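Notes to accompany the following structure.
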Amino acid sequence: MKRIHLTVLVTGLVVGIAALVLTAFGNPGNMGFCIACFLRDISGAVGMHSAAAVQYVRPEIIGLVLGALVMAAVRGEFKGRAGSAPALRFVLGALVMIGALTFLGCPLRMVLRLGGGDVTAIAGLLGFAAGIAVGVVFLKRGFSLGRAYRVKTSEGFALPGVLVLLLVLLLAKPAFLRFSESGPGSMHAAWPIALAAGLVVGALAQRSRLCMAGGIRDAIMFRDFHLLSGFVAIFAAVLVGNVILGKFNPTAAVQPVAHHDYIWSFLGMSLVGWGSVLLGGCPLRQLILAGEGSGDSAVTVFGMVVGAAFAHNFGLAGSADAMADGVFTAGGVPTNGRIAVVLGLIAVAVISVANLHREEKKQ
């Protein structure tokens, strides 16, 4: 158990340091790693949405999956498996993405924002924990999406194969790919640095089973805090690093890519937490599982990419606060986004109730 704790702590520290490095080399502030933001950028780069400010093939995502694949293969843990309610997982992945984009960040970026002093992210943290707590209630009552089955190994290479193709396209830069010329999508570390960071973090996350949602879930269900320690380690590394670098800004004033719409930040991240518990892992964990050969997690990731496209094509995503020439412009979650979050919470509730297996649990 001590060895497991140490692995999780080391992974958390490395993730935090990697996020600081990526930000120093060009990624947006408090966005060294953000699964939701980066999948959204990839969705835009391949033309699935037309939001010009958020389009780029993020090598970090490619590295995370390939790093997990290599580590799983070395440890003999790469296995093709699928068949656990793929359609529902696709839908849940899309809903989790919509919730994250209303908040402007996944659970990992939420921690990075907190480590940078972004007080506005506290609402997201509270919502994330609340959503997980609701999900745990359904887990205790017998919620399950069913078991996955062994399938051909080629199934496990579906998402990694797509990402390798994306890396080739990133290097080749064909005319049909879209790249932001301004905004968050235009801010990125050089691809070798981003890819290397992703590979290291992906390998370590596979080894440690790091999961943002899993940490809080296990703490609530089993009083087991070892996964949560990785969560804390990321925060500590980012906090100390930002203080040393002079970038710690503890305020609710204008923060990088954030807004003050606290109620909808809470509700958006509640959707993320609840959906992640039902899926068996946060967005980061889904990428790692896909790298281990899970076709179900690959379907979930594809659902997230489609969810990002919906969020921007239908005006669901939140917008950041801005300060220009001393003039403050408030961001927040648009009406369409608020409606989507409410409908998403209703959909997740229906899925939770429809997949209770009380008799199986009694046995």
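The values are calculated or read from the model by the stated rules, or taken from the named source; none is laboratory data. Just so it is clear, the model here is predicted, and its values are computed rather than measured. Counting neighbours? That spans all protein chains shown, and the Cβs are built from the backbone with ideal geometry, glycine included. Areas reflect the complete protein model, heavy atoms only, side chains present, ligands, DNA and RNA absent. Shrake-Rupley method; radii C 1.70, N 1.55, O 1.52, S 1.80 Å.
For segment 155-204, enumerate the residues that are out of contact with any Gly (no Cβ under 7 Å at 6 or more places or on another chain) and acidic (Asp, Glu).
Listed by number, the list holds a single entry, Glu181.
What tally of residues in segment 222-238 results from selecting those that are assigned to a helix (DSSP H, G or I) and either open to solvent by 50 Å² or more (accessible area, probe 1.4 Å) or of a type in the set (Asp, Glu) (or both)?
Here is the first cut: in segment 222-238, the ones assigned to a helix (DSSP H, G or I) are 222, 226-238.
Next cut, either open to solvent by 50 Å² or more (accessible area, probe 1.4 Å) or of a type in the set (Asp, Glu) (or both) only: 222, 232, 235.
Final tally of qualifying residues: 3.
Looking at Ala349, Ala354, Ala309 in this structure, which one is aliphatic (A, V, I, L, M), surrounded by fewer than 24 Cβ atoms within 10 Å (Cβ to Cβ) and within 24 Å of Ile62 (Cα to Cα)? Give the steps one after another, and end with the answer.
Details: Ala349 fails: within 24 Å of Ile62 (Cα to Cα); Ala354 fails: within 24 Å of Ile62 (Cα to Cα).
It is Ala309.
Return the pair list, or none, for Cβ contacts closer than 6 Å from residues in segment 53-82 that are within 19 Å of Thr11 (Cβ to Cβ) to residues that are polar (S, T, N, Q), at least 6 apart or on different chains.
Within 6 Å, the pairs are Ala68/Gln206; Met71/Gln206; Ala72/Gln206.
Return a yes/no flag: does segment 24-38 have any residue that is in a helix (DSSP H, G or I) and in contact with a Cys (Cβ under 6 Å, 6 or more places away or on another chain). Quick ask: steps written out before the conclusion?
First, pick out the residues of segment 24-38 that are in a helix (DSSP H, G or I): 24, 35-38.
After this cut, where a residue has to be in contact with a Cys (Cβ under 6 Å, 6 or more places away or on another chain) as well, the list is 35-36.
Yes, some residue in segment 24-38 is in a helix (DSSP H, G or I) and in contact with a Cys (Cβ under 6 Å, 6 or more places away or on another chain).
Would you mind finding the one in Gly131, Gly146 that is closer than 27 Å to Gly105 by Cβ and either touching a residue at least 12 places away in the same chain (Cβ under 8 Å) or out of contact with any Leu (no Cβ under 8 Å at 6 or more places or on another chain) (or both)? Quick ask: steps written out before the conclusion?
Values: Gly146 fails: closer than 27 Å to Gly105 by Cβ.
Of the residues listed, the single one that is closer than 27 Å to Gly105 by Cβ and either touching a residue at least 12 places away in the same chain (Cβ under 8 Å) or out of contact with any Leu (no Cβ under 8 Å at 6 or more places or on another chain) (or both) is Gly131.
Count, please, the residues in segment 211-227 that happen to be among the hydrophobic types (A, V, I, L, M, F, W, C) and touching an Asp or Glu at 6+ places or on another chain (Cβ under 7 Å).
Our first condition is that a residue be among the hydrophobic types (A, V, I, L, M, F, W, C); within segment 211-227, this holds for 211-213, 216, 219-222, 225, 227.
Still in the list and also touching an Asp or Glu at 6+ places or on another chain (Cβ under 7 Å): 227.
Here the count works out to 1.
Consider segment 241-259. How many of its residues are touching a residue at least 24 places away in the same chain (Cβ under 8 Å), open to solvent by 80 Å² or more (accessible area, probe 1.4 Å) and assigned to a helix (DSSP H, G or I)?
Qualifying residue count for the region: 1.
Restricting attention to helices (runs of 4 or more DSSP H) lying wholly within segment 265-354, give those where 1 or more residues are closer than 18 Å to Met212 by Cα and among the charged types (D, E, K, R). Give the steps one after another, and end with the answer.
Working: elements: 283-291, 295-313, 335-354.
Counting at least 1 such residues, we get 283-291.
Residues in segment 140-154: is at least one on the phi < 0 side of the Ramachandran plot, among the basic types (Lys, Arg) and surrounded by 21 or more Cβ atoms within 10 Å (Cβ to Cβ)? Can you show your working first?
Of all residues in segment 140-154, those on the phi < 0 side of the Ramachandran plot come to 140-141, 143-145, 147-154.
Okay, now just the ones that are also among the basic types (Lys, Arg), so 140-141, 147, 150, 152.
Right, trim to surrounded by 21 or more Cβ atoms within 10 Å (Cβ to Cβ) and you get none.
No; the residues of segment 140-154 include none that is on the phi < 0 side of the Ramachandran plot, among the basic types (Lys, Arg) and surrounded by 21 or more Cβ atoms within 10 Å (Cβ to Cβ).
Residues Gly303, Gly307, Gly281: which one is under 18 Å from Gln206 (Cα atoms) and in contact (Cβ under 8 Å) with a residue 24 or more places away in the chain?
Values: Gly303 fails: under 18 Å from Gln206 (Cα atoms); Gly307 fails: under 18 Å from Gln206 (Cα atoms).
Residue meeting the stated conditions: Gly281.
In segment 4-35, which residues are touching a Lys or Arg at 6+ places or on another chain (Cβ under 7 Å) and either under 19 Å from Ser319 (Cβ atoms) or charged (D, E, K, R) (or both)?
Asn30, Met31, Cys34
Could you tell me whether any residue of segment 27-38 is farther than 16 Å from Phe235 by Cα and over 17 Å from the mean Cα position of the chain (by Cα)?
The initial filter retains those residues of segment 27-38 that are farther than 16 Å from Phe235 by Cα, namely 27-28, 35-38.
Filter once more, keeping what is over 17 Å from the mean Cα position of the chain (by Cα): none.
Scanning segment 27-38, I find no residue that is farther than 16 Å from Phe235 by Cα and over 17 Å from the mean Cα position of the chain (by Cα), so the answer is no.
Being surrounded by 12 or more Cβ atoms within 10 Å (Cβ to Cβ) and either among the polar types (S, T, N, Q) or closer than 19 Å to Ala36 by Cα (or both) is the filter here, so list the residues in segment 171-188 that pass it.
First pass over segment 171-188, keeping only residues surrounded by 12 or more Cβ atoms within 10 Å (Cβ to Cβ): 177-180, 183-188.
Arg178, Phe179, Ser180, Gly183, Pro184, Gly185, Ser186, Met187, His188 - these are the residues of segment 171-188 that are surrounded by 12 or more Cβ atoms within 10 Å (Cβ to Cβ) and either among the polar types (S, T, N, Q) or closer than 19 Å to Ala36 by Cα (or both).
When the residues of segment 40-57 are narrowed to those that are within 19 Å of Met110 (Cβ to Cβ) and in contact with a Pro (Cβ under 8 Å, 6 or more places away or on another chain), which ends up surrounded by the most Cβ atoms within 10 Å (Cβ to Cβ)? Don't jump to the end; show me each part of the working.
The first filter runs over segment 40-57 and keeps only residues within 19 Å of Met110 (Cβ to Cβ), leaving 40-41, 54.
Remaining after also requiring in contact with a Pro (Cβ under 8 Å, 6 or more places away or on another chain): 41, 54.
On the way: Asp41: 27, Val54: 25.
Across segment 40-57, the extreme among qualifying residues is Asp41.
Within segment 95-114, does at least one residue satisfy the condition of being modelled with pLDDT of 95 or more, surrounded by 24 or more Cβ atoms within 10 Å (Cβ to Cβ) and over 30 Å from Pro250 (Cα atoms)?
Kept after step one, since they are modelled with pLDDT of 95 or more, are these residues of segment 95-114: 95-114.
Retained after the next criterion (residues that are surrounded by 24 or more Cβ atoms within 10 Å (Cβ to Cβ)): 95-113.
From what's left, over 30 Å from Pro250 (Cα atoms): 95.
Yes, the conditions are met somewhere in segment 95-114.
Only residues in segment 315-333 that are over 8 Å from Ala258 (Cα atoms) count as the first member; pair them with residues that are among the β-branched types (Val, Ile, Thr) and part of a loop (DSSP other than H, G, I, E, B), Cβ under 8 angstrom, at least 6 apart or cross-chain, and list the lot.
So the pair list comes out as Gly318/Val333; Ala322/Val254; Met323/Val254; Phe328/Val254.
Evaluate the following for Val65: is it open to solvent by 30 Å² or more (accessible area, probe 1.4 Å) and modelled with pLDDT of 95 or more? Even if it seems obvious, please write down each step before you answer.
On the way: open to solvent by 30 Å² or more (accessible area, probe 1.4 Å): no; modelled with pLDDT of 95 or more: yes.
Against the criterion (open to solvent by 30 Å² or more (accessible area, probe 1.4 Å) and modelled with pLDDT of 95 or more), Val65 does not qualify.
Which residues, counting only those in segment 18-39, are open to solvent by less than 10 Å² (accessible area, probe 1.4 Å) and either among the basic types (Lys, Arg) or more than 17 Å from Ala94 (Cβ to Cβ) (or both)? I'd like the intermediate steps shown before the answer.
So the first thing to find is which residues in segment 18-39 are open to solvent by less than 10 Å² (accessible area, probe 1.4 Å), and the list is 19, 22, 27-28, 31-39.
Hits for segment 18-39 are Ala19, Leu22, Asn27, Pro28, Met31, Gly32, Phe33, Cys34.
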